[in-house]
Amino acid sequence: MEVIVQSPFAEIAALLVLAAVIGFLGIILRQPLIVSFIAVGLIAGPSVLDLVRSDEEISLLSELGIAVLLFLVGIKLDVKLIRSLGAVSLLTGLGQVAFTSIFGYLIGLALGLGHVTSLYVAVALTFSSTIIIVKLLSDKREIDALHGQIALGFLIVQDLVVVLSMIVLSAIGIGAGGDGGHGGGSVPLVLASGVAMVALVVLFVRYVANPLTERLAHAPELLVIFAIAMAAMFAAAGDIVGLGKEVGGLLAGVALASTPYRETIAARLAPLRDFLLLFFFIALGSALDLSLLGAHIGGAAAFSLFVLIGNPLIVLAIMGAMGYRKRTGFLAGLTVAQISEFSLIFIAMGVSLGHVQEEALGLVTMVGLVTIAASTYMITYSHKLYAVFEPLLGVFERKGTPREPSETGAHREDGYEVIVFGLGRFGTAIGMRLKKRGIRVLGVDFNPGAVRRWRELGLETEFGDATDPEFVADLPLGRAQWIVSTVPIHPTGLSHEDTRATLIQLTRMSGFAGRVAVASHHARDTEELFASGADMVLEPFQDAADRAVELLCGAPEEERTEIPTIEAEDKQAS
C-alpha cells in the first residue's frame, strides 16, 4: 500500500497524524511512547504506507533528536547517586552489563550471526531504557523506594557504558577507515580532539556555566534556546572532529549538569526530545523492510527471552549475594528486562560505519518491540509477579539480609499503640502529634529517605513494603489499637489494585484485631474502602477545610502543640 503526499509539509503533517493515532492506541494498551514510535516508523515505512519521501528533512530532525536525547542523558548524569547508594549500583550495573554482553555474544554465535554482529548485538542488549523505567516507577510511586533508588543507580552505570561504547565505536570507525557520516581523520587526531572537548567542558563548568545560566534564567525561553544551541553546537563539533554527534550532544549535557537549573532545562526539553525522537524512529522504519523482521523471528525470540529472563536473574543474584532481600532484588531486576532507544541508536551507528548489515538493525528492533512491550507489564504487575515466584526465590537471599539490617527488624517489642504506614507529610504530621500525646507510634515506609527522616525526628520506624505479606505478618501488631495508612492508591495497571485495601487484608490475615484508618483524597473511594474493611476513612483536605471553617466561624480553638513543620523536618533531615 502506498500513500502519496504532495509536499514535505503535507508529509510531516500526515506522519504526525499517524503518530497521534498510534500513540493513542498505545495509551489504551498501556505501552510507552517508544513502542508507539517504532510502530509509526514501521507503518510509515516502505513495507506498509510508504509515506516517507523527504529523507533529508526527516534525517535532519532525527539527528537533532538524538543530540537532544543524549544532551538530556548528560545533564542527568549524576555520579553522586552512585556514591550515595554504595557499591550495589556499581556492582549490579557492571555485573549486568558483563553478563549480558558475554552471554549475548555467545547466543549470537550460536545463531550464526558472526563475531562482529554478535558483539554489536550483545552490547546493544545491555542498555535499558531510563525513560521507560523512570516513567513506570514514577507512575507507581516507587521511584523513591529502595529498589527504585538502586535501579536509578545502575541505570546511571549503564549510561556511562553507553558513553564509553559510543566513543570506542567512533574511534574504531575512524581506525577502520569508515566515517559513518563523521568528520575527522586519524585516531590520534580524534583522541586529541576528544581531550580538547572534554577540557573545554571542564573549563566551561568551572568558570562559565553557573553565572551564564543564572543570567539566562531571567528569561526561561532564552535558557531553553541556549540549551538546544549547546546540544546542537557540541553535536556538530563532535561530528566534525570524528567523535560523532552522539558524544558531542552528551558532552553538552555534562557541561550544564552542575548548574542549579539543570532540572528546569531537562523538564522543558523533554517534550521536544519526544517530538524529535519520533523522526528518528520514522527514519529507522523507512529504512527497514518488514521482511527483515520476519527473517529473524527465531533469533529475536531467543534474544528477547534472554533479556526478559536473564537480565532480571543476574540483578537478583548479585543483589542477593550482597545481602539484599529477595523482594528488593526481584523488583529491581524487573526494571532491566528490556532494551532501550540507545540499543537502536548503537546498532544504527554500526550500520552507518559498515560494521554490520541492516539485518542486525531489524533483529534488534524486533527485540526492542518485544522486550519493551512485555517489560512494561512486568514492571506494572511486579508485586503480583513476586507473589507468584516468591517460593522459588529463596536461593537468591542470604540469611539475615545484612544489607538491610538498619531498615528492618529493628523494633520487635510488641508495645506500639499505633502503626502508621506512609511517612510523607500527612503521615509525619500524624506521627508527631501522637508522640506529643504520649502515644507510642511505629512508622513504616518503603522509602529509605522517609525512614531516615523519621528517625532523625526521634520517631521509631521500620523499612518495609505494605504489600509484602511476610513483612506485614512480622510486624508487632499484638498490642496495636490502630493501624493508620496514609499510603496513596498505587494503580498497578489494568486492575488498579489499591494498596490500602491490600494492607487491610494483610493485617487482618496476620491476626490484627484493632481498628484501621486509611487516608483518601477522593470521596468516591470512601464507600469502597469501608467495604474493604476500613473502620475510618481520613480525608485530609476535607477534614482540614472543616476545621478551618470552624475556626473562621468562631468555634473555640483547641490547645495547639508545637509541631515541627515539614520544612523544618526536611532541614533536620538534610
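The values are calculated or read from the model by the stated rules, or taken from the named source; none is laboratory data. Small disclaimer: the values here were computed from a predicted structure and weren't measured. Cβ atoms come from the backbone with ideal geometry, glycine included; neighbour counts cover every protein chain shown.
The table below gives the values:
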| item | result |
| --- | --- |
| Every residue from the range 218-227 that is surrounded by fewer than 20 Cβ atoms within 10 Å (Cβ to Cβ) and either modelled with pLDDT of 90 or more or in a helix (DSSP H, G or I) (or both) | 220, 221, 222, 224, 225, 226 |
| Matching residues in the range 441-466 - criterion: being crowded, with 19+ Cβ neighbours inside 10 Å, part of a loop (DSSP other than H, G, I, E, B) and free of Cβ contacts under 8 Å to residues at least 60 places away in the same chain | 459, 464, 466 |
| Number of the condition not met by residue 438 [criteria: (1) in a loop (DSSP other than H, G, I, E, B); (2) modelled with pLDDT of 85 or more; (3) buried (at least 18 other Cβ atoms within 10 Å of the Cβ)] | (3) |
| Residue ID - farthest from residue 192 (Cα to Cα), chosen from residues in the range 242-272 that are of a type in the set (D, E, K, R) and buried (at least 19 other Cβ atoms within 10 Å of the Cβ) | 262 |
| Any hit, the range 313-333, residues being assigned to a loop (DSSP other than H, G, I, E, B), among the aliphatic types (A, V, I, L, M), buried (at least 20 other Cβ atoms within 10 Å of the Cβ) and assigned by TED's automatic domain parsing to the domain that holds residue 132 | no |
| Residue in the range 122-139 that is farthest from residue 340 (Cα to Cα), counting only those that are within 11 Å of the chain's Cα centre (by Cα) and at pLDDT 70 or above | 137 |
| Close pairs (8 angstrom Cβ cut-off, 6 or more residues apart or separate chains): outside the structural domain of residue 165 (by TED's automatic domain parsing) in the range 82-105, at pLDDT 85 or above and of a type in the set (S, T, N, Q) anywhere | none |
| Count of the range 401-421 residues which are at pLDDT below 90 and within 30 Å of residue 318 (Cβ to Cβ) | 12 |
| Scan of the range 347-360 for residues that are surrounded by 24 or more Cβ atoms within 10 Å (Cβ to Cβ) and within 17 Å of residue 303 (Cα to Cα), ordered by number | 347, 360 |
| Test: residue in the range 341-348 that is outside any helix (DSSP H, G or I), out of contact with any strand residue (DSSP E or B) (no Cβ under 7 Å at 6 or more places or on another chain), in the same structural domain as residue 108 (by TED's automatic domain parsing) and modelled with pLDDT under 90 | no |
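Here is a yes/no grid of residues against (1) at pLDDT 75 or above; (2) in a loop (DSSP other than H, G, I, E, B); (3) of a type in the set (S, T, N, Q):
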{"position": "39", "(1), (2), (3)": "yes, no, no"}
{"position": "47", "(1), (2), (3)": "no, yes, yes"}
{"position": "59", "(1), (2), (3)": "yes, no, yes"}
{"position": "63", "(1), (2), (3)": "yes, no, no"}
{"position": "71", "(1), (2), (3)": "yes, no, no"}
{"position": "81", "(1), (2), (3)": "no, no, no"}
{"position": "93", "(1), (2), (3)": "yes, no, no"}
{"position": "98", "(1), (2), (3)": "yes, no, no"}
